[in-house]
Amino acid sequence: MKTKILLFACLAFLMLKNQAQTVTDIDGNVYNTVTIGTQVWMKENLKVKHYRNGDNVQYAPDSTKWPNLTIGAWCYYNSDSTFQSTYGLLYNWWAVNDSNNIAPQGWHIPSVYEWQTLLTFLGGNGIAGGKMKEAGTIHWLNPNAGATNESGFTALPAGMRYYANGQYMDLGHATMIWSSTTDYLKAAYNCYLGNTFSEATIAYVWVETGLPVRCVKDNTAVLINENDIENRLQIFPNPATSLLTINCPGSENLIVSVFDVFGKLVLQKNLDGGKNEIDISSLMNGLYLIQVSGSDWTVQKKIIKE
């Protein structure tokens, strides 16, 4: 009897473990996942054709109409459905930004800061791309520089749909994967990987562009709301000129990371408990995201450097 109970428990554990390694969207597409640092990512590009509430995302194969759309839309690369199983679908940014959400429940489109967190964990923008790209030349064209896929992210060269004329390009050469973060005017950020270099670049393109999507799992750590910052941590002054004070009484082993508007990590430092002064005099004037991380929580706040 004990043996049967133990066997049942082991089988149940294995089933739960396998379930934890996949995620299913509203259309029934199943995606493998991978844990990289503190983040859990899909290992495959999104293929969903409905928002989370069941509404259709518009299918838009017509190249003459694609540049003029102002609602969420998707397409197959080259209007060929055989590309879906390998490369997923291409979406304009309105689909990415729609409040009905194309990500599965419990998942979301990564912000530019979440992309940068991934790149930083993989050793920085200069080498992260190689660690993210599928190795070899089955899908990537030669030389697929630096590709090892040691992260397990398995990025594929899904190409894009050009914003100005709806034409398809770069299959085999590159991938630009959407973020949820907008730039000025009508542009949004993405993570860009190419076959001729091993770096990963945070770039921006016009919102009419058709790009693939990867989702990241909602953070299970405690994300401190800005309304609660005064109770746990103080960051001042804001705007700041040369010195930024971070007061974290009673906390230890904290890390502060400063990202610019491109999601690039420009400063990182370990913090002591109590009051810390961070020299930001070398930073250019502008908007920055300050992220302070503890063992089970993260605080994010925007500041202005003057």
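If you go through region 141-187 and keep only what is more than 30 Å from Leu69 (Cα to Cα) and in contact (Cβ under 8 Å) with a residue 24 or more places away in the chain, you end up with Leu141, Asn142, Pro143, Asn144, Ala145, Gly146, Ala147, Ser151, Gly152, Phe153, Thr154. The residues in region 132-160 that are under 20 Å from the mean Cα position of the chain (by Cα) and under 18 Å from Asn45 (Cβ atoms) can be counted, and the count is 15.
Here's the yes/no breakdown for (1) at pLDDT 90 or above; (2) of a type in the set (Phe, Trp, Tyr):
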residue	(1), (2)
Tyr204	no, yes
Val216	yes, no
Ile235	no, no
Cys248	no, no
Leu267	no, no
Asp272	no, no
Val292	no, no
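Residue-by-condition table, conditions (1) modelled with pLDDT under 95; (2) within 27 Å of Trp206 (Cβ to Cβ):
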residue: Ser99; (1), (2): yes, yes
residue: Ser111; (1), (2): yes, yes
residue: Leu122; (1), (2): yes, no
residue: Gly130; (1), (2): no, no
residue: Asn144; (1), (2): no, no
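How many residues does region 178-197 contain that are outside any strand (DSSP E or B) and surrounded by fewer than 20 Cβ atoms within 10 Å (Cβ to Cβ)? Number satisfying all stated conditions: 6. Within region 7-64, restricting attention to residues that are touching a helix residue (DSSP H, G or I) at 6+ places or on another chain (Cβ under 7 Å) and buried (at least 17 other Cβ atoms within 10 Å of the Cβ), the residue that is modelled with the lowest pLDDT is Ile36. Selection within region 102-125: residues that are outside any loop (DSSP other than H, G, I, E, B) and either out of contact with any strand residue (DSSP E or B) (no Cβ under 8 Å at 6 or more places or on another chain) or of a type in the set (A, V, I, L, M, F, W, C) (or both). The member of this set that is nearest to Ala187 (Cα to Cα) is Val112. Right, Glu134: assigned by TED's automatic domain parsing to the domain that holds Thr209, under 14 Å from Ser179 (Cβ atoms) and surrounded by fewer than 21 Cβ atoms within 10 Å (Cβ to Cβ) or not? No, not satisfied.
The values are calculated or read from the model by the stated rules, or taken from the named source; none is laboratory data. Being a predicted model, the structure only gives us computed values, none of them experimental. Because the Cβ atoms are built from the backbone with ideal geometry, glycine has one as well, and the counts that use them run over all protein chains shown.
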